[in-house]
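I have placed the structure first, in the form of structure tokens, so that the comments after it can refer back to it.
The values are calculated or read from the model by the stated rules, or taken from the named source; none is laboratory data. Because the structure is predicted, anything quoted here is derived from the model rather than measured. Positions of Cβ are generated from backbone atoms using ideal geometry, with glycine treated the same way; all protein chains shown enter the neighbour counts. Surface accessibility is based on the protein's heavy atoms, side chains included, excluding ligands, DNA and RNA. Shrake-Rupley method; radii C 1.70, N 1.55, O 1.52, S 1.80 Å.
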Amino acid sequence: MKIIIKSLFSLFYPRLCVGCGNALLQGEQRLCVYCQLHMPETNFHLKHENPLLEVFAGRVPVREVAALLYYNKGSMVQRVLHHLKYKGEKELGYDLGLYYGKLLKTEPRFSSIDCILPIPLHPKKMRKRGYNQSEWIAMGLSEGLGIPLLTDVLIREQFTETQTKKGRFSRWENVKEVFAVKNTQKIVGRHVLVCDDVLTTGATMEAALQHLVQVEGVTVSVVALATAGH
């Protein structure tokens, strides 16, 4: 009886793929198989010399930088990111983070990472949204890499307005003083992987890294779920 009711419910209220909007088939979760197979992966984790390194060149010392996916305006990936960030689909972050963590684990250049730090939200924004999408990505990365996640080291002290329509300089001015580092003993002498949902100008990430690299012996690497397409 439960199966019949569930089937009828699915008939009238089908679960839709967050990538393409088509109805999900039995066994599919959040993303249909087609969208999963057609994700525009960057493969930057396979190349030390990739365009994202240039984002931080001369600004802050970063060992490795990578992003899982390309996104463009109106693309499937942008719709996925929108659902992750604004529609409560936080499990998308975990699923994609887990997938990416397993990919990174196969690359020797990421084998020295000791812990993972998500870019934090301000408590005010956290209360409004109910979750930090970057933390859910970091949870998946932690599982995939088998490396601990630390959420009490990098914190956001100041509330900032949205960055979406700002240029690089304006973004930097908006975030340069918003982060702080606590419990520094947890990362002294360690290789720290900092993650976020999207990496564009790198201003937010740079503002966070500037604090982390001041801790004795800390090396930083960066990953994001997506970066602007080319």
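Computed about the Cα centre, the dipole magnitude for region 54-169 is approximately 660 debye when only Lys and Arg (+1) and Asp and Glu (-1) carry charge, each at its Cβ.
Across the alpha-carbon atoms of the chain, the computed radius of gyration and Dmax are 18.3, 64 angstrom.
Percent of C-alpha pairs per 10 Å bin in region 56-164, short distances first: 13, 39, 38, 9. Applying 1/(1 + (r/R0)^6) with R0 = 41 Å to the Cβ-Cβ distance of N72 and T184 gives a FRET efficiency near 0.60.
Counting lysine pairs in region 49-170 whose alpha carbons fall under 25 angstrom apart, excluding pairs fewer than 8 residues apart on the same chain, gives 29.
Centre-to-centre separation between the Cα atoms of region 90-121 and those of region 126-160: 11 Å.
Under unit Cβ charges (Lys, Arg +1; Asp, Glu -1), what dipole magnitude, rounded to 20 debye, does the chain have relative to its Cα centre?
On the way: 29 positive and 21 negative charges, 155 e Å.
Approximately 740 debye in magnitude.
For the chain, give me the percentage of DSSP beta bridges that are antiparallel, rounded to the nearest 5 percent. Rounded to the nearest five, the antiparallel share is 25 percent.
Computing the accessible area with a 1.4 Å probe over protein heavy atoms, can you report the carbon and sulfur percentage for the chain?
Values: 6620 of 12230 Å².
Carbon plus sulfur share of accessible area: 54 percent.
Here the peptides 21-32, 140-151, 209-220 are ranked by packing, the mean other Cβ count within 10 Å, and the order with the highest first is 140-151, 209-220, 21-32.
Between the Cα long axis of helix 90-105 and the first principal axis of the chain there is an angle of about 60°, rounded to the nearest 10. Per residue, the chain exposes an accessible area of 53 Å² to a 1.4 Å probe, with every protein chain left in place. The share of Cα pairs per 5 Å bin across region 30-102, counted from zero up to the longest distance, runs 3, 14, 21, 24, 17, 13, 7, 2, 0 percent. What fraction, in whole percent, of alpha-carbon pairs in region 44-86 exceed 12 Å separation? Counting pairs separated by more than 12 Å, the tail of P(r) holds 65 percent.
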